[in-house]
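Reviewing the structure listed below.
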Amino acid sequence: RAEGHSIVAISPGNYGLEFMKRTYGYDLERSVKCSNFIGQTIDMVKELGFSKMLLTGHIGKLIKVSGGIMNTHSRAAAIRAGAEVTLLREILDCIGTEDAVDRIKKAGFLEPAMEYVMEKMEDHLKHRAGGGLEIECMVYSNDIGLLGVTPGAVALLKELLEEKE
């Protein structure tokens, strides 16, 4: 903010920053890692006077935001998408979110599940941000890549990329 930027890119960790660099060529030096403190980071972004924030992270970390957890479950998304009990049991047995995402994809429910997840994330992020801060989100998995975005995320990413030039 001290450098005059009004948009900030946030990620819970190095994986999100690497995803931005690898996928979009985004300059990691202008990104901020927030670890598990997503809610507090949103508060600080507002306090510092940023007008826009793009949150990018791995599904394993950001899925918690869809449940309103700001201090960082893919299971509810599959249920909402209409998954059968057999798939839900498989998901419950998964060790990590990459495996759960893979099973949901193979069963044909990934797109509707991610639509639900992104809708919930958007609701919770915008509620936490309140007025005055445009906040968008991009979620990816290591195996598949980009899984979902909130409606204004792509446009905000374009702004970030243009701002760096």
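The values are calculated or read from the model by the stated rules, or taken from the named source; none is laboratory data. If you're wondering where the values come from, they're calculated on a predicted model, not measured in any experiment. Here Cβ is always computed from backbone atoms with ideal geometry, including for glycine, and neighbour counts include all displayed protein chains. Side chains included, ligands, DNA and RNA excluded: accessible areas come from the protein's heavy atoms. Shrake-Rupley method; radii C 1.70, N 1.55, O 1.52, S 1.80 Å.
Worth pointing out:
- Here the dipole of segment 103-165 is about 400 debye; that uses its Cα centre as origin and unit charges on the Cβ of Lys and Arg (positive) and Asp and Glu (negative).
- Taking amide hydrogens as placed 1.01 Å from N in the peptide plane, the amide H of residue 148 sits under 5 Å from those of 139, each at least 5 positions away in sequence or on another chain.
- Rolling a 1.4 angstrom probe over segment 43-165 with all protein chains present gives an accessible area of which 52% lies on carbon and sulfur atoms.
- The shape of segment 64-165 comes out prolate: with a ≥ b ≥ c from the C-alpha gyration tensor, a/c is at least 1.5 and a/b beats b/c.
- Label-point separation, residue 1 to residue 106 (7 Å along Cα→Cβ), nm: 4.7
- Residue-averaged [θ]222 nm for the chain, counting only DSSP H segments that reach four residues, each worth -39500 (n - 2.57): -14500 deg cm²/dmol
- Amide H contacts of residue 53 (H built 1.01 Å from N, in plane; Pro and chain starts excluded): 8, 134, 135, 136 sit under 5 Å, all sequence-distant by 5 or more or on other chains.
- 162, 90, reordered so the largest accessible area comes first (probe 1.4 Å): 162, 90
- Point-charge dipole on Cβ atoms (K/R +1, D/E -1) for segment 6-90, about Cα centre, debye to 20: 100
- Taking all protein chains into account, the per residue accessible area for the chain stands at 52 Å² (1.4 Å probe).
- Of all lysines in the structure, those lying under 28 Å Cα to Cα from residue 120, and not within fewer than 8 positions of it along the same chain, are 21, 33, 46, 52, 61, 64, 105, 106, 158.
- Label-point separation in nm, residue 69 to residue 119, each point 7 Å along Cα→Cβ: 2.2
- Whether segment 1-70 is rounded, prolate or oblate, judged on the alpha carbon gyration tensor where a/c under 1.5 counts as rounded: oblate
- Computed about its Cα centre, the charge dipole of segment 42-164 is approximately 200 debye, with only Lys, Arg, Asp and Glu carrying charge at their Cβ.
- With both labels modelled 7 Å from their Cα along Cα-to-Cβ, the residue 127 to residue 35 distance reads 2.6 nm.
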